[in-house]
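Visitor: Structure incoming, see below.
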Amino acid sequence: MDRHQTYAERSAKQTNAAAIQLLDTIDRKKTNLCVSVDVTNSKDFLAIIDAVGPYVCLVKTHVDILEDFNRTLVEHLVQLSEKHDFLIFEDRKFADIGNTVALQYFSGVHRIASWAHITNAHPVPGPSVVKGLASVGLPMKRGLLLLAEMSTEGALARGEYTDEAVRIARTHRDFVIGFIAQRRMEGVGLRPGETMHPTEDFLVLAPGVGLDVKGDGMGQQYRTPRQVVFESGCDVIIVGRGIYGKPEALDVQAVQAQAERYRKAGWDAYLERVKR
Ligand code: S5P
């Protein structure tokens with residue numbers, strides 16, 4: 001995959017339904033912005049999502065932090081995804097044996113597989129985590145991201161660990177659509193003499209994106225959309241607090257202004273990257 005290929009050109013070559021839907025949404029809405037909504041009550045959660053909906057290709061959730069989670073909330077979330085034309089990514093970070101993650105993905109209070117187009121997993125258990133999740137997600141046309149790197153200071157996901165994450169993804173290309181990482185993963189983990197499969201094209205979704213601050217005092221590190229998309233070749237910027245600020249002082253118009261600011265910065269960086 002050369003860095004000049006457009007989202008539309010790349011969509012035409014994908015086979016996973018969630019990857020195709022995501023790339024087509026990005027292309028149609030002209031946004032590579034994913035908003036991460038880490039708030040603890042459903043009123044703010046839905047208000048932020050309704051406000052940012054027109055500006056995003058994807059909404060990232062942590063439904064386990066919602067104090068009043070219930071099935072009606074999921075119905076509202078799905079309605080908003082249809083109203084504003086975005087996909088849903090539950091940032092569950094599965095990290096257990098195959099049998100356990102399959103149960104966590106399909107069952108329990110949250111029933112993630114029934115509503116999230118995309119979820120993610122730490123590759124720490126090895127390929128079995130992907131096998132377990134694929135047993136549930138593939139028949140439902142879902143997609144998985146592996147955490148190959150993290151945005152935090154001192155993260156252990158680097159070097160050989162990152163190489164292994166990419167190797168695991170290569171053996172499950174039907175279900176693993178890409179990575180949570182800080183840069184393109186092309187060529188990463190190839191052993192001497194190995195070449196990349198001609199159809200390989202993993203999406204890279206990058207968290208740790210902020211225009212105004214460099215960190216949050218708890219290990220998070222921020223880079224700008226241009227650094228992430230143009231310099232490091234990532235495909236989607238994930239932005240949380242940079243857009244919704246402090247939820248206790250929720251101002252819908254300010255949230256929308258920030259969403260548009262990040263959307264434009266991410267899209268301009270993409271246009272700069274694909275220019276031939
Ligand atoms: O390496 C990572 C991986 C993830 S998924 N670093 C991250 O920050 N995340 C998530 O992205 C994190 O769980 C949070 O939901 C979001 C970043 O939020 P922000 O408010 O710092 O932009």
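Visitor: Which of the peptides 258-271, 224-237, 102-115 is most tightly packed, and how do the rest follow, judged by the mean count of other Cβ atoms within 10 Å per residue?
Guide: Averaged packing, sorted descending, gives the order 224-237, 258-271, 102-115.
Visitor: Here is a follow-up. Within region 1-109, list the GluC sites (Glu not before Pro) lying in a DSSP loop whose Cβ has at most 13 other Cβ atoms in a 10 Å radius. Kindly include the intermediate steps, with their values, before the conclusion.
Guide: Details: sites: E9, E67, E75, E82, E90; in loops: E67.
Passing both the DSSP loop test and the Cβ count: E67.
Visitor: Further question on the same structure: Compute, for region 1-151, the length of the dipole vector about the Cα centre, with Cβ point charges of +1 (Lys, Arg) and -1 (Asp, Glu) only. Units Debye, rounded to 20.
Guide: The dipole of region 1-151 has a size of about 440 debye.
Visitor: Can you spot the lysines whose alpha carbon is less than 28 Å from K141's alpha carbon? Ignore those fewer than 8 places along the same chain.
Guide: K13, K29, K30, K60, K83, K93, K131
Visitor: About the Cα centre, and with charges only on the beta carbon of Lys, Arg (+1) and Asp, Glu (-1), how big is the dipole of the chain? Nearest 20 debye, please.
Guide: 580 debye
Visitor: Between D174 and E82, what length comes free when the chain is fully extended (0.36 nm per residue of separation minus the Cα-Cα distance, one decimal in nm)?
Guide: So the chain would gain 30.6 nm between D174 and E82.
Visitor: Just need the relative contact order of the chain here, percent rounded to a whole number, with Cα pairs under 8 Å and 6+ apart.
Guide: Computed over the chain, the figure is 20 percent.
Visitor: If you don't mind, there's one more thing I want to ask. Normalised by the number of residues in region 74-128, what is the relative contact order in percent for Cα pairs under 8 Å and 6+ residues apart?
Guide: Relative contact order for region 74-128 comes out at 43 percent.
Visitor: Okay, next question. Tell me the per residue accessible area of region 1-145 using a 1.4 Å probe; a whole number in Å² is fine.
Guide: Per residue, region 1-145 has an accessible area of 40 Å².
Visitor: Here's a follow-up. Carbon-plus-sulfur fraction of the accessible area of the chain, 1.4 Å probe, in percent?
Guide: 54 percent
Visitor: Is there a quick way to get the dipole size of region 130-266? I mean about its Cα centre, with the Cβ of Lys and Arg at +1 and of Asp and Glu at -1; what is the value in debye to the nearest 20?
Guide: The dipole magnitude comes to about 200 debye.
Visitor: With unit charges on the beta carbon (Lys/Arg positive, Asp/Glu negative), name the residue among I238, A116, A265 whose Cα is farthest towards the positive pole of the charge dipole of the chain.
Guide: A265
Visitor: Further question on the same structure: Pick out, in residue order, every one of the GluC sites (Glu not before Pro) in region 93-193 that is DSSP loop and has at most 12 other C-beta atoms within 10 Å; say none if there are none.
Guide: Passing sites in region 93-193 are E153.
Visitor: Take the alpha-carbon centre of region 235-276, take the same for region 9-68, and report the distance between them in whole Å.
Guide: With region 235-276 and region 9-68 each reduced to a Cα centre, they are spaced 12 Å.
Visitor: Further, regarding this structure: Rank V101, S42, L73 by how far each Cα sits towards the positive end of the charge dipole of region 1-137 (+1 on Lys, Arg Cβ; -1 on Asp, Glu Cβ) and give me just the farthest.
Guide: Working it through, the farthest residue towards the positive pole turns out to be V101.
Visitor: Same structure again: Below 8 Å, C-alpha to C-alpha, sequence gap of six or more: please give me the relative contact order for region 1-159 in percent. Don't jump to the answer; show the numbers that get you there.
Guide: Details: 241 pairs, mean separation 30.0, N = 159.
Computed over region 1-159, the figure is 19 percent.
The values are calculated or read from the model by the stated rules, or taken from the named source; none is laboratory data. Everything numeric in this text was worked out from a predicted model, so none of it was measured. Note that we place each Cβ from the backbone using ideal geometry, even for glycine, and neighbour counts take in every protein chain shown. Keep in mind that these areas ignore ligands, DNA and RNA; they rest on the heavy atoms of the full protein, side chains included. Shrake-Rupley method; radii C 1.70, N 1.55, O 1.52, S 1.80 Å.
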